[in-house]
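Visitor: What follows is a structure written as structure tokens; I'll ask about it next.
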Amino acid sequence: MMKYLLKLYITGNTPRSQRAIANLLRICQEELSEQYQVEIVDVLEQPEMAEQEKILVTPTLIKQLPPPLQRIIGDMSNTDTLLLGLDLVQNQDNRS
Amino acid sequence: MTQLKQEDFIEKLPTGIPGFDFLADGGLPKGRATLISGTAGSAKTVFASQFLAEGIKRGQNGVFVTFEESPKAIRKNMRGFGWDIDKWEEERKWAFVDASPQPGEKPIVTGDYDLGPLLARIEYAIRKYSAQRISMDSLGAIFSHLADSAQVRSDLFSIASALRELEITAIMTAERTEEYGEISRYGVEEFVADNVVIFRNVLSDEKRRRTIEILKYRGTDHQKGEFPFTIVPGQGIVIIPLSALELEQRSSNIRITSGSDELDRMCGGGFFRDSIILVSGATGTGKTLMVTEFMVGGVKNNERCLLFAFEESREQLYRNAIGWGVDFEKMEKDGMLKVVCRYPESTGLENHLIKMKETIEAFRPNRVAVDSLSALERVSSMKGFREFIIGLTSFIKQQEIGGLFTSTTPSLMGGTSITESHISTITDSIILLRYVEMYGEMRRGLTVLKMRGSMHDKDIREFTIDHRGMHIGKPFRNVTGIVAGNPVYVAQSEVDRLSTLFDDGTPGSSSLG
């Protein structure tokens, strides 16, 4: 399996941010075992990063690897669409 | 009472946009947000850019938040106005916050989200560039590319309150669907701003007419109603304040010559220096001749004269003048006269007005003539024409120069033109030129219908034209009904009685003047 490189943008330590982080890490652990790397960017601390990546809303998850690049927005409480965005639907089908 | 106190403290930031600061009684309320709402193509983006461009010219940096067009497109589109955004970006005077939709990308939505980063980016840009002005164009676009409109709403509010705290003067644009209807498409944009300005681009009589109206200016004063504006290449938006200019008009008792001694006598010693004179008559009655005499009279007294010709070319004017013994070419060479010939159709009336103002400001004439207003009438809607007249006359009066306009009446005998009904209340003097049919011969009559603030000759005088120009002769004593276009011969004994009847029979003629 190819290694996943994920970047999660949040705005401050809000409940929504915490929810997004928790949801993401849970899915990663369940679905990607050790094959992932998550970087968390707080736009309040690094606004220039948000400007560079043209982040408009948070939480925004950018799947940088494997290609294609995919943007996923929201607190990731909807697991199905998150899996879809991470191209992990196949795995889910196998499980069921 | 506390509210009254607060009003005194609303400081205005002069925008530098021509005409706007007058309209807005000093400029945009400083440190507040103003919503610019308008339909598609109503020049909102131009205004938003110009606000920043004028700021940079005054040493105030700006941030442009774009939700719709890419920064690349804005840089390119605004170059035509002479705003070099690339250069300003290099000099760190102009910053883009690019929130425009990225091509080929549709994010997957997995739950709740908010516009937190947008605010963070805006604040970052403002702080980094110590910006004093910010433009956000346009708010409606956020709604269209984010699904959760309730969230967008609450985020807009937090952005607005953050801007207020930063004490930055902001412009936000919003799209509206109708020229006369809801303020903005989503109905929330107007609540995030303290002030609302409406841009309109109305189609009337197959012509576009742009107007600006300050609808709401919380706690501070402004001019009310719609004001026309136009977009000038190399300059941007130019707003034409109308009647408001009239307040500043002064008047003088200094008389200037009409170019004809006899006409001066009829007017009680000449026209007033800063008055507007309307010469009305059918085609061929001698209006252009009157203009020529007016110019010659000025040049003879060492006055600078400016002639706007909308009917004839320079060559035609020169040739006609030579026919009356006047050498325009020499006068122009000497620098005392400037003849500007333009096709009325070459541009919109608003642009004509702006160009004319520029020419007047550059040449600094003592007297101005426009031949003819009627030619300009056909390129505009009624409303636009009226505004043009008001704009031009008030400008001329402000400059303390004399203005002579001509107007062509549609019928050969008598009658009034639409031009006249618009202008007659604004003019200080009206001179009528009329054909008089007498014993199978067309003769010309001239009368001073109105001469504000002065005695004048009420006779209808015959005048003739030859190679030396205009000659005013004796009154038509035994003809009446000339002005009405229906000359009737009367016996000499009836003249006095009938002339009083004539005054009564033409309502307004006695009250004018």
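Quick note: the coordinates plus some simple rules give every number you see, no bench work behind them. Note that the coordinates shown come from a computational prediction; the quantities given were computed from them, not determined experimentally. Reconstructed Cβ throughout: ideal geometry from the backbone, glycine too, with neighbour counts over all protein chains shown.
Visitor: Using the number of other C-beta atoms within 10 angstrom as an exposure proxy, rank B:Thr409, B:Thr480 with the fewest first.
Guide: B:Thr480, B:Thr409
Visitor: Let's test the formula: R0 of 22 Å, r as the Cβ-Cβ distance of B:Asn77 and B:Leu203. What FRET efficiency results, to the nearest 0.05?
Guide: Numbers: r = 23 Å, r/R0 = 1.03.
Calculated transfer efficiency: 0.45.
Visitor: Compute the Cα gyration tensor for segment B:2-241, then decide on rounded, prolate or oblate, letting a ≥ b ≥ c be the square roots of its eigenvalues: rounded whenever a/c is under 1.5, prolate when a/b is larger than b/c in the other cases, and oblate in all that remain. Please report the intermediate quantities before stating the final value.
Guide: Details: a/c = 1.23, a/b = 1.21, b/c = 1.02.
Taking the square roots of the gyration eigenvalues as a ≥ b ≥ c, segment B:2-241 is rounded.
Visitor: Roughly how many Å is it from the Cα centre of segment B:310-363 to that of segment A:38-72, as a whole number?
Guide: Going from one Cα centre to the other spans 63 Å.
Visitor: Between segment B:158-207 and segment B:376-411, what's the alpha-carbon centroid distance in Å?
Guide: 33
Visitor: Moving on. On average, how many beta carbons from a partner chain sit within 10 Å of the beta carbon of a residue in B:147-155?
Guide: For this peptide, the per-residue mean of nearby foreign Cβ atoms is 1.
Visitor: Using the Cα centre of segment B:2-241 as origin and beta-carbon charges of +1 (Lys, Arg) and -1 (Asp, Glu), tell me which of B:Ser161, B:Pro101, B:Gly27 is placed farthest towards the positive end of the dipole.
Guide: The listed residue farthest towards the positive side: B:Gly27.
Visitor: Classify segment B:304-373: rounded, prolate or oblate, from the alpha-carbon gyration tensor (a ≥ b ≥ c, eigenvalue square roots; a/c under 1.5 rounded; otherwise prolate if a/b is larger than b/c)?
Guide: Here segment B:304-373 falls in the oblate category.
Visitor: Work from the charge dipole of the protein assembly as shown (Cβ charges, +1 for Lys and Arg, -1 for Asp and Glu, about the Cα centre) and give the residue of B:Phe199, B:Phe310, A:Ile73 farthest towards its positive end.
Guide: Positive-most Cα among the choices belongs to B:Phe310.
Visitor: Sticking with this one: In Å, the Kirkwood hydrodynamic radius of segment B:247-505 over pairs of distinct alpha carbons?
Guide: When all Cα pairs of segment B:247-505 are included, the Kirkwood radius is 18.7 Å.
Visitor: Rounded to the nearest Å, what's the spacing between the alpha carbon centres of segment B:428-444 and segment B:463-490? Just the number, please.
Guide: 5
Visitor: Give me the inter-chain shielding for B:89-97: mean count of other chain Cβ atoms within 10 Å, whole number please.
Guide: Numbers: counts 0, 0, 0, 0, 0, 0, 1, 1, 5.
Going residue by residue through B:89-97 and averaging, the value is 1.
Visitor: Please count, across segment B:2-241, the pairs of lysine residues with Cα atoms under 18 Å apart that sit 8 or more places apart or on different chains.
Guide: 19
Visitor: D for chain B, whole µm²/s, Stokes-Einstein with Kirkwood Rh over alpha-carbon pairs at 20 °C and 1.002 mPa s: what number? Show your work: numbers first, answer last.
Guide: Values: Rh = 26.0 Å.
Translational diffusion coefficient: 82 µm²/s.
Visitor: Calculate the dipole size of chain A relative to its Cα centre from +1 charges on Lys and Arg beta carbons and -1 charges on Asp and Glu beta carbons; express the result in debye to the nearest 20.
Guide: 140
Visitor: Over all residues in A:70-82, what is the mean tally of Cβ atoms on other chains that come within 10 Å of each residue's Cβ?
Guide: Average per residue, whole number: 5.
Visitor: Could you tell me which of rounded, prolate or oblate describes the protein assembly as shown, using a ≥ b ≥ c as the square roots of the eigenvalues of the alpha-carbon gyration tensor, with rounded for a/c under 1.5 and, failing that, prolate when a/b is larger than b/c and oblate otherwise?
Guide: prolate
Visitor: Ranking B:Met382, B:Met78, B:Met136 by Cβ neighbours within 10 Å, fewest first, what do you get?
Guide: Arranged by neighbour count, lowest to highest, B:Met382, B:Met78, B:Met136 become B:Met382, B:Met78, B:Met136.
Visitor: Would you mind ranking B:Trp83, B:Trp88 so that the residue whose beta carbon has the fewest other beta carbons within 10 Å leads the list?
Guide: Ranking B:Trp83, B:Trp88 by Cβ neighbours within 10 Å, fewest first, gives B:Trp88, B:Trp83.
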